[in-house]
Amino acid sequence: MKLAVIGTGYVGLVAGTCFAHGGNHVCCVDIDERKIAALREGVIPIYEPGLDKLVRTNVASGRLTFSTDTVTAVRAADVVFIAVGTPPGEDGAADLSHVLAVARAIAPALEGYTVVVMKSTVPIGTCTRIEKVLEGLATADFDVASNPEFLKEGAAVDDFLRPERVVVGTTSERARAILAHLYAPFVADKRQILFTDLPSAEMTKYASNCMLAARISFMNEIAALCETVGATIDDVKRGVGADSRIGPKFLNPGIGYGGSCFPKDVKALLRIGLEAGLPMEMLQATERVNEMQKGLLGRRCIDHFGGDLKGRTIAMLGLAFKPETDDMREAPALVIAELLLARGARVVGYDPVARDTARAELGDDVVYAASWRDAVAGADAVLVATEWLELRSIEPAELAAATDCRLVFDGRNIWSTQEMRAAGFEYVGIGRP
């Protein structure tokens, strides 16, 4: 099949590349000429394990191309995916200006029957709005479908090539058959492709992300209660996760969620609820708990030193919002660093891949170390903000040998309390008395 993917951000680039790897001819389109030129040279604008190799392989095969020419790409396409950003506005609602602009741009270029697929995360009813835009401007036959993405940053390529499920919203049998054929190589069982109506597909994306966000905030509240009453969150997590109705995933306590999806989608669904006359009480609590949790390590460090961090060096291990990505959007590390800097601390951060993206957010107020050893060498306290495998692999004795500091605030529970204390550390985890 011939595909056009409009937008070469995280979703568009991963989807376009993986569709090409599945044997399709894909043109990824963006208005950013510098980004397109870089992609043609094999320079990937995001860090995502395995994506750079997959891009190079499919560009070399001729199945994947990059262009700024929307009209040419759309004219040749059997399926057009819209994968542009929908950032939150000041009221939390998703900004659809880019999505609607794409719809207006592609409408005159549609030739022959084309399936226009919404890949961006959009409020319920957006696909219907797109249909109306296309109906007013297009002369060719088309159908609109919703196909939300469920990619985890750090595992996006594998998620796309081996999805747990593919959700497609459409009332058209013709579009349904085309998209079922397109996704067939990626699923082991055709029942993994779940067909719904348009609003249900749009809602499924928000409901999925907000459910996961709620689990995270709930477990963080339970962790706080464990610390107060003397329970151990590690034991509680195992007991809760052993229930088949609940399962063990997304039960790890920590310092809150971040990234491009959960914060934005929680805000958007809250806004959708308000517009529908439903205040979404659980989601409001989810967001409040998460905002408090992000600053937890910073507040604990500040309290330990009596509120004054002047002359203190604080090492922060991990800066990205999660491992295997350089994404700093809504990262807890941003909140922590700002709290520490405001109290006069010298903050030394280390992250295996997010150094440049962190600098773009925090500037040079933070010192960026080349290794975790450099970061902790002169520290008065060590804070763990991201559970990178490199950091999880550090033995307590190895950490002790690298620094005279014996104070650790572990925001991801990457070390054993007993082993850290045996190595001489004053060690504070999450949900551990």
Can you name the helices (runs of 4 or more DSSP H) wholly within the stretch 312-388 that have at least 2 residues being under 24 Å from GLU287 (Cβ atoms) and at pLDDT 95 or above?
-> 332-342, 355-362
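For (1) out of contact with any strand residue (DSSP E or B) (no Cβ under 6 Å at 6 or more places or on another chain); (2) among the aliphatic types (A, V, I, L, M); (3) crowded, with 16+ Cβ neighbours inside 10 Å, each residue gets a yes or a no:
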{"residue": "GLY259", "(1), (2), (3)": "yes, no, yes"}
{"residue": "PRO263", "(1), (2), (3)": "yes, no, yes"}
{"residue": "ALA268", "(1), (2), (3)": "no, yes, yes"}
{"residue": "GLU275", "(1), (2), (3)": "yes, no, no"}
{"residue": "PRO279", "(1), (2), (3)": "yes, no, no"}
{"residue": "THR286", "(1), (2), (3)": "yes, no, yes"}
{"residue": "GLU291", "(1), (2), (3)": "yes, no, no"}
{"residue": "LYS294", "(1), (2), (3)": "yes, no, yes"}
{"residue": "GLY298", "(1), (2), (3)": "yes, no, yes"}
When residues of the stretch 372-389 are filtered for being within 14 Å of ALA345 (Cα to Cα) and of a type outside the set (A, V, I, L, M, F, W, C), how many remain?
-> 2
If we keep only residues of the stretch 288-311 that are touching a helix residue (DSSP H, G or I) at 6+ places or on another chain (Cβ under 8 Å) and part of a loop (DSSP other than H, G, I, E, B), then the residue farthest from GLY259 (Cα to Cα) is LEU309
Is it the case that the stretch 335-344 has a residue that's without any contact (Cβ under 8 Å) to a residue 40 or more places away in the chain and on the phi > 0 side of the Ramachandran plot?
-> yes
Please go through the stretch 14-48 and pick out each residue that is within 16 Å of VAL102 (Cβ to Cβ) and touching a residue at least 40 places away in the same chain (Cβ under 8 Å).
-> ALA15, GLY16, CYS27, VAL29
In the set ASP78, ASP95, the lone residue that is of a type in the set (D, E, K, R), touching a Leu at 6+ places or on another chain (Cβ under 9 Å) and under 21 Å from GLU149 (Cβ atoms) is ASP78
Options VAL335, VAL348; residue that is within 24 Å of the chain's Cα centre (by Cα) and not charged (D, E, K, R) = VAL335
Select from the stretch 397-416 the residues that are among the β-branched types (Val, Ile, Thr) and either in a loop (DSSP other than H, G, I, E, B) or in contact with a Ser or Thr (Cβ under 9 Å, 6 or more places away or on another chain) (or both) and write down the one among them that is farthest from ALA320 (Cα to Cα).
-> THR403
Would you say GLU202 is buried (at least 18 other Cβ atoms within 10 Å of the Cβ), part of a loop (DSSP other than H, G, I, E, B) and among the charged types (D, E, K, R)?
-> no
What number goes with the only condition from (1) surrounded by fewer than 24 Cβ atoms within 10 Å (Cβ to Cβ); (2) more than 24 Å from ILE222 (Cβ to Cβ); (3) in contact with a Gly (Cβ under 7 Å, 6 or more places away or on another chain); (4) not small (Gly, Ala, Ser) that ASP351 does not pass?
-> (1)
Unique match (being under 20 Å from the mean Cα position of the chain (by Cα), in the same structural domain as PRO185 (by TED's automatic domain parsing), aliphatic (A, V, I, L, M) and at pLDDT below 95) among ALA15, ALA93, ALA83 | ALA93
Residue check, PRO248 against (1) within 30 Å of LYS294 (Cβ to Cβ); (2) touching a residue at least 24 places away in the same chain (Cβ under 8 Å); (3) outside any helix (DSSP H, G or I), all met but one. Which one?
-> (2)
Which pairs have Cβ atoms under 9 Å, sit 6 or more apart or on different chains, and link a residue in the stretch 188-203 that is within 20 Å of ALA268 (Cα to Cα) to one that is surrounded by fewer than 18 Cβ atoms within 10 Å (Cβ to Cβ) and charged (D, E, K, R)?
-> LEU198/GLU131
Would you kindly identify the strands (runs of 3 or more DSSP E) lying entirely within the stretch 1-88 that contain at least 3 residues that are surrounded by 20 or more Cβ atoms within 10 Å (Cβ to Cβ)?
-> 2-6, 25-29, 79-82
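The values are calculated or read from the model by the stated rules, or taken from the named source; none is laboratory data. In this text, all values refer to a predicted model and were calculated from it rather than measured experimentally. Neighbour counts are summed over all protein chains in view; Cβ atoms, including those assigned to glycine, are modelled from backbone coordinates with ideal geometry.
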